[in-house]
Structures are given as C-alpha cells and as structure tokens.
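Take a look at the structure set out below.
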Amino acid sequence: MSMIITKTAIPRRTLLRGLGATLALPLLDGMVPALSALGTTAAKPINRFGVVYTPNGIMMPWWTPAAEGAGFAFPSILKSLEPYRDHLLVLSGLNSRPPEGSTDGGGAPHARAATRFLTDVRPKFTMGSDLHAGTSIDQILAKELGKHTELASLELSLESTESAGACDPGYSCAYTSTISWRSESTPLPMENNPRTLFERLFGDGSSTDPAARLARMQQQRSVLDSVSQKVASLQRGLGSGDRAKLGEYLESVRDVERRIQNAEAQRFDNLPTVDHPAGIPATFEEHAKLMFDLQVLAYQCDITRVITFMVGREFSGRQYPEIGVPDAHHPISHHMGDATKIANVAKINTYHTQMFAYYLEKLRATQDGDGSLLDHMTLIYGAGMSDSNAHDPLNLPVIVAGGGAGNLKGGRHIKYPKDTPLANLHISLLGQLGVPLEKIGDSGGALSLA
C-alpha cells in the first residue's frame, strides 16, 4: 500500500516500509477525514476481542465476591483489579461440564478445561492425529473481524508446547497446550517467543528476501531506524496532538524492541537460570509484561482485532520463587486440604491477576479515537476449572473486562443460576461483537450482561 500524506487526511492503513520492516500506525486524528470519506464515522470505535487464560484452576474462596451487583468488595485474588472496577464484570455460576450423554474414554479434566473454554465442545479421546473439538469463538470472530486487518488473529502463550510434560491419559497434549481451534480438527499452536511475535507484527511480510530482515537484526538496527525518514516526513504534516501520540507510540515500539534485544543478549551471560530461547526473558514477570505490551501494540495499530493468550498451559509445572512459591504449580493445585499448598496456589492466582492488571492499565492508558483501548475491548479472563483439587468444571472463575466499544457496562458481580453453560456467555459476546450465532456447543441462549 502506498503512503498518502496530506494535511487533511491520512489513510487508516498507512504502512511505513523500511529495511526488512513495516510499521503500521495507530489511529490519529488526521485519519478521521480519510475514514469519513470512506463512509466510516470516527464516533463508531472498533471493538476488539481478547482472552487471557490461566491454568490449573483458582482458589475460589479468595476469588468470588461476597455481594452481588454493584459496590461489591474485591476479594484478595482480585484486589489488584479494583482500579478497573468500572470496566469489569465478575461472573459467577457459569459451568463447563459437558452435557449429559456425551462420552469419551475418561474424565480428561485438564484437556476438557482448556478445550471447552472457547469451543464448548468436549475433546475427543485420542492420542493420535484424529483430534476433534469445535471451532473456538476467537476463530469464529477472526473469520469476520480479520477481513479488516493484516492478521486475522494471534495465539500466544508464556510456555512452550515443545516441552509439554504431563497430559491427560489417553489424550493428545495438543488439547492442553492451546485454547484456539481453527476448525473442529485443527488446534492452533501458541507462540511464546517475543522476538518471533515482534517480527510478525513489524517485520516486512511482503518481502520475498528474508536476508533484508536478518541484515537489519545483525546490524542491531531498530525497525524505527529503517523508517526514520518516512516518520519525519509524516510528522511534518501532523498537528501537535498527533505528533505527541505518534511519538508515544514510537517510543513504545522502541522500548519493546530494546527489551527483546536485552533478553537475547542475556543468553550469553552466565546466569544460573534455565535455558531460555533467544528473545524470551529470564523471569515470568518480564516475559508476561513484554507479551502484554506486544498485544497492546497489535491492537493499537489494528494489525489484528483478535488475540488469545495462555498465561500457562494446563498441567503447568512452573515454579514461582519470586513470590515465595518454589513448588510446581500443578502438583500443589491438588492440595488435598493442605493449608500451605492452598495458600501458595492463592499466591499464584493473585500474581496472575496482578499481571492482568498491568495489561488493563496499558490498555486504559492507550488512546484510541475518543476513548482508550480498554474502552474499545471485550476481554475474557479466567480458567477452565474452578476448584483445582477436584477438577471442578462448575462455577468457573470468569471476568469480562473492557467497555466493548459501548456495549458493556462494568462495575458489577453477576451471579447466574447454577449450571448456566459458559457457552451462553459466548453467544452473548459473539452477538455484541457483530457475529451472531444461534448456538455453539451446549449453549441454551444468550446471557444478559445488563
């Protein structure tokens, strides 16, 4: 796409191309005339969709608010989310138990938790290539929302599937390593390397010569260096507000790229840590924040409108010594009533929500048209089981965050009748995002989020 710059209109999909790099732009005020000329009003914001999935269940007594409706007190696990009350719906009573009559070769609690979280379909009992579940709602949305973006969707994680570890007996590890299914038989791999993601967002995908991108990386040149002249030319035609907005965006890109380069450099240091692939920070928190920042950039530039993100895969054995939990996550989630294990799992749950709070703050601080990215987001945060010790698929821990581009009103704890299918929430959100379905999985109708 050629770049057209005037004092009155900048195309929304302006792309600045450099040496092995492509830089998409955030929404600027100077783009409004161009959007209006295309029959699009700036007053109608884009509604994006995202999912943040946490594994191995949640300690529900420290998650569930005591009061329903508005004005509820935030329990300890959710306390870090209190500043975003007006953008949060805490939902209780949803379940992911397969409907009566469904059969398989066993319980498969972890495969079921991950697979049904967005598909509402029970995974097929198989360790072979004949996998079967259902198309996940992120991919249903991607087929429609992806018509307007460079990438239809992104599937991300903090853990590699190459070292999957334990899986449900008789079930492929594919079921516990992803929450996204392109079709009933096609699970999508989750990318955990920030460098790979960065190059996917800002590398020049139109180039047939990968040597150009490699040359830029070897010269330690930023993607911004390769488009600096085009940026300077663009800025001369912008108003002061747009120049400031573009400057903040460019600094965010440079900061993310610098942190990836630092992570890559660390692999040469004699650090007493596990061997991390190039581009992956050594600590959970650094890795999580970097991946969240990349997601914000992807939404901000409208590179994609659909992202799924696994904080960890089911059966995750990650240790969290930085918060005083040296034990592996999955084994202690089967606490058998042990007070120390329960407290440590609650610490992990709290730590995960603190990372989600970091993400919400980034979204809230990022301007998007007449609001923020958080105003124009529909986010699901939660797990595919509640009580991890019992592998309980009932009363799932689920939060819906964001303003939904005006379609969501937060600030409430909503308790639904017992055994309300999680699929009913999916039907509601699909409709609000402009992709209505009559049924998905075991849904029985749309939920009221009012």
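Within region 123-140, how many residues are surrounded by fewer than 24 Cβ atoms within 10 Å (Cβ to Cβ) and under 24 Å from Pro436 (Cα atoms)?
Our first condition is that a residue be surrounded by fewer than 24 Cβ atoms within 10 Å (Cβ to Cβ); within region 123-140, this holds for 124-132, 134-135, 139-140.
Filter again for under 24 Å from Pro436 (Cα atoms), leaving 132, 134-135, 139-140.
Selection size over region 123-140: 5.
Only one of these is assigned to a loop (DSSP other than H, G, I, E, B) and modelled with pLDDT of 95 or more: Gly205, Gly165, Gly134. Name it.
Result of the check over Gly205, Gly165, Gly134: Gly134.
Of the conditions (1) at pLDDT 95 or above; (2) hydroxyl-bearing (Ser, Thr, Tyr); (3) outside the structural domain of Phe125 (by TED's automatic domain parsing), Thr8 satisfies every one except a single condition; which number is it?
Exception for Thr8: condition (1).
State whether one or more residues within region 139-147 are modelled with pLDDT of 95 or more and in contact with a helix residue (DSSP H, G or I) (Cβ under 8 Å, 6 or more places away or on another chain).
So far as region 139-147 goes, yes, one or more of its residues are modelled with pLDDT of 95 or more and in contact with a helix residue (DSSP H, G or I) (Cβ under 8 Å, 6 or more places away or on another chain).
If you scan region 411-428, which residues turn out to be without any contact (Cβ under 8 Å) to a residue 40 or more places away in the chain and either among the aliphatic types (A, V, I, L, M) or assigned to a strand (DSSP E or B) (or both)?
Of everything in region 411-428, just one residue is without any contact (Cβ under 8 Å) to a residue 40 or more places away in the chain and either among the aliphatic types (A, V, I, L, M) or assigned to a strand (DSSP E or B) (or both), namely Ile427.
Going by what's in this entry, would Thr178 be described as of a type in the set (Val, Ile, Thr), at pLDDT 85 or above and either outside any helix (DSSP H, G or I) or surrounded by fewer than 13 Cβ atoms within 10 Å (Cβ to Cβ) (or both)? Please lay out each step first, then the result.
Values: of a type in the set (Val, Ile, Thr): yes; at pLDDT 85 or above: yes; either outside any helix (DSSP H, G or I) or surrounded by fewer than 13 Cβ atoms within 10 Å (Cβ to Cβ) (or both): yes.
It is true that Thr178 is of a type in the set (Val, Ile, Thr), at pLDDT 85 or above and either outside any helix (DSSP H, G or I) or surrounded by fewer than 13 Cβ atoms within 10 Å (Cβ to Cβ) (or both).
Within region 137-162, count every residue that is part of a strand (DSSP E or B) and among the aliphatic types (A, V, I, L, M).
Of region 137-162, the ones part of a strand (DSSP E or B) are 154-157.
Now restrict to residues that are among the aliphatic types (A, V, I, L, M): 154, 156.
Qualifying residue count, region 137-162: 2.
What are the residues in region 107-125 that are touching a Phe, Trp or Tyr at 6+ places or on another chain (Cβ under 7 Å) and under 20 Å from Ala166 (Cα atoms), if any? Steps first, please.
First pass over region 107-125, keeping only residues touching a Phe, Trp or Tyr at 6+ places or on another chain (Cβ under 7 Å): 108, 110-111, 114-115, 117, 119, 123, 125.
Passing the criteria: Ala108, His110, Ala111, Ala114, Thr115, Phe117, Pro123, Phe125.
Run down Leu363, Leu437, Leu394 and say which single residue is surrounded by 19 or more Cβ atoms within 10 Å (Cβ to Cβ) and not small (Gly, Ala, Ser).
Criteria check complete, one pass: Leu363.
Filtering region 110-128 down to residues that are outside any helix (DSSP H, G or I) and charged (D, E, K, R), which residue is farthest from the chain's Cα centre (by Cα)?
Ranking the qualifying residues of region 110-128, first place goes to Lys124.
Being out of contact with any helix residue (DSSP H, G or I) (no Cβ under 6 Å at 6 or more places or on another chain) and of a type in the set (Phe, Trp, Tyr) is the filter here; which residues of region 56-80 pass it?
Answer for region 56-80, where residues must be out of contact with any helix residue (DSSP H, G or I) (no Cβ under 6 Å at 6 or more places or on another chain) and of a type in the set (Phe, Trp, Tyr): just Phe72.
The values are calculated or read from the model by the stated rules, or taken from the named source; none is laboratory data. In this text, all values refer to a predicted model and were calculated from it rather than measured experimentally. Glycine gets a Cβ as well: all are built from the backbone with ideal geometry, and neighbour counts include every protein chain shown.
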